[in-house]
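Colleague: Here it is, the structure, as structure tokens.
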Amino acid sequence: STGATGAASTVAGPQGATGPAGGSAITELSICGTGGVSLCKIGVQGPGGGIIFFVDYQNIYAGFNYLEAAPVGWGNGIAVQSGETTGSSTVDPKLKWCNNISSLLGQATWARGAVGAGTTNTSTADTTCNSGAIQAAADYVSTVGSKSDWFLPSIGEAMLMYTNLRQAGVGDFDSDARYWSSSEYDATYVWDQSFFYSRQDAEQKSNAYFVRPVRAF
């Protein structure tokens with residue numbers, strides 16, 4: 001026979017911890033796409049002629065709401081040093097990180113790898129670097145919009161660039177290559193984003209790897 005139904009428990013469990021508060025939603029801009037009249041979303045053309053790869057919808061990061069990667073032809077025919085390869089309309093240039101390959105430039109802390117750190121990393125290192133990825137990114141001026149505020153992404157920003165644009169299938173990156181970040185590992189090594197293994201590695205500053213500048217707005 002069926003047993004009697006037990007009394008329902010009325011004892012409440014302990015309240016969980018309060019989660020972090022989210023930021024207020026950003027005011028989305030309609031300055032992207034062909035003609036600069038579309039909403040800025042991942043995968044569409046940005047104001048500098050590149051590709052939007054991050055949108056800070058919940059206003060988590062101070063100072064910017066969007067990150068834009070330069071177009072693949074950004075380095076078409078740029079001057080390079082021995083051991084480097086200039087870019088073309090379809091291939092990014094392969095550059096050493098900096099002509100100074102043995103000095104720590106202050107970009108090796110955990111915070112220097114964060115999203116939002118790339119612009120400071122680049123401007124700081126550019127005072128020392130006279131050639132290489134750092135200077136090339138800092139000196140780039142886009143043909144679309146004449147934007148001159150480009151920088152070499154931090155490793156956190158490079159991770160977003162890989163993940164979001166890989167999923168969208170846009171950007172014309174070399175899928176079998178490493179791309180430099182602006183985040184140092186130590187005096188002679190810098191973090192790079194592998195577009196083949198989808199991981200981050202520390203490589204010597206003297207190596208020549210692909211470069212793709214980004215900008216924040």
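Colleague: Is region 163-173 home to any residue that is assigned to a helix (DSSP H, G or I), open to solvent by less than 40 Å² (accessible area, probe 1.4 Å), under 18 Å from residue 44 (Cβ atoms) and of a type in the set (S, T, N, Q)?
Modeller: Initially, region 163-173 is screened for residues assigned to a helix (DSSP H, G or I), giving 163-168.
Narrowing the set further to residues that are open to solvent by less than 40 Å² (accessible area, probe 1.4 Å) leaves 164-165.
Remaining after also requiring under 18 Å from residue 44 (Cβ atoms): 164-165.
Okay, now just the ones that are also of a type in the set (S, T, N, Q), so 164.
There is at least one residue in region 163-173 that is assigned to a helix (DSSP H, G or I), open to solvent by less than 40 Å² (accessible area, probe 1.4 Å), under 18 Å from residue 44 (Cβ atoms) and of a type in the set (S, T, N, Q).
Colleague: Considering each of 21, 17, 25 in turn, give the residue that is of a type in the set (A, V, I, L, M, F, W, C), part of a loop (DSSP other than H, G, I, E, B), modelled with pLDDT of 55 or more and surrounded by fewer than 16 Cβ atoms within 10 Å (Cβ to Cβ). Before you say what the answer is, go through the steps one by one.
Modeller: On the way: 21 fails: modelled with pLDDT of 55 or more; 17 fails: modelled with pLDDT of 55 or more.
None of the other options fit; the residue is 25.
Colleague: What is the residue count in region 21-73 for residues that are of a type outside the set (Ser, Thr, Tyr) and either farther than 13 Å from residue 215 by Cα or in contact with a Cys (Cβ under 7 Å, 6 or more places away or on another chain) (or both)? Reasoning before the result, please.
Modeller: Of region 21-73, the ones of a type outside the set (Ser, Thr, Tyr) are 21-23, 25-26, 28-29, 31-33, 35-37, 39-56, 58-60, 62-65, 67-73.
Okay, now just the ones that are also either farther than 13 Å from residue 215 by Cα or in contact with a Cys (Cβ under 7 Å, 6 or more places away or on another chain) (or both), so 21-23, 25-26, 28-29, 31-33, 35-37, 39-47, 52, 55-56, 58-60, 62, 72-73.
Looking only at that region, the number is 31.
Colleague: Restricting attention to region 144-160, does a residue exist that is in contact with a helix residue (DSSP H, G or I) (Cβ under 7 Å, 6 or more places away or on another chain), surrounded by 15 or more Cβ atoms within 10 Å (Cβ to Cβ), among the small types (Gly, Ala, Ser) and at positive phi? Talk me through it step by step, then tell me what you get.
Modeller: From region 144-160, those in contact with a helix residue (DSSP H, G or I) (Cβ under 7 Å, 6 or more places away or on another chain) are 150-157; that's our starting set.
From what's left, surrounded by 15 or more Cβ atoms within 10 Å (Cβ to Cβ): 150-157.
Next, only the ones that are among the small types (Gly, Ala, Ser) stay: 154, 156.
So of that shortlist, the ones also at positive phi come out as none.
No, because not a single residue in region 144-160 is in contact with a helix residue (DSSP H, G or I) (Cβ under 7 Å, 6 or more places away or on another chain), surrounded by 15 or more Cβ atoms within 10 Å (Cβ to Cβ), among the small types (Gly, Ala, Ser) and at positive phi.
Colleague: So residue 193 clears everything in (1) of a type outside the set (A, V, I, L, M, F, W, C); (2) out of contact with any Lys or Arg (no Cβ under 9 Å at 6 or more places or on another chain); (3) crowded, with 16+ Cβ neighbours inside 10 Å except one condition, right? Which one?
Modeller: Going through (1) of a type outside the set (A, V, I, L, M, F, W, C); (2) out of contact with any Lys or Arg (no Cβ under 9 Å at 6 or more places or on another chain); (3) crowded, with 16+ Cβ neighbours inside 10 Å one by one, residue 193 breaks only (2).
Colleague: While we're on this one: What is the one condition in (1) more than 11 Å from the chain's Cα centre (by Cα); (2) open to solvent by 40 Å² or more (accessible area, probe 1.4 Å) that residue 184 does not satisfy?
Modeller: (2)
Colleague: Here's a follow-up. Of all residues in region 196-208, which are touching a residue at least 24 places away in the same chain (Cβ under 8 Å), touching a strand residue (DSSP E or B) at 6+ places or on another chain (Cβ under 9 Å) and open to solvent by 40 Å² or more (accessible area, probe 1.4 Å)?
Modeller: If we filter region 196-208 for residues that are touching a residue at least 24 places away in the same chain (Cβ under 8 Å), which is where we start, we get 198, 200, 203-208.
Keeping just the survivors that are touching a strand residue (DSSP E or B) at 6+ places or on another chain (Cβ under 9 Å) gives 200, 203-205, 207-208.
Scanning region 196-208 gives 200, 204, 207.
Colleague: I'd like the residue in region 139-165 that is out of contact with any Phe, Trp or Tyr (no Cβ under 9 Å at 6 or more places or on another chain) and small (Gly, Ala, Ser) and, out of all such residues, is farthest from residue 122 (Cα to Cα).
Modeller: Among residues in region 139-165 that are out of contact with any Phe, Trp or Tyr (no Cβ under 9 Å at 6 or more places or on another chain) and small (Gly, Ala, Ser), the one farthest from residue 122 (Cα to Cα) is 145.
The values are calculated or read from the model by the stated rules, or taken from the named source; none is laboratory data. Because the structure is a prediction, the values reported are computed rather than measured. Counting neighbours? That spans all protein chains shown, and the Cβs are built from the backbone with ideal geometry, glycine included. Calculation scope for accessible area: heavy atoms of the full protein, side chains included, ligands and nucleic acids excluded. Shrake-Rupley method; radii C 1.70, N 1.55, O 1.52, S 1.80 Å.
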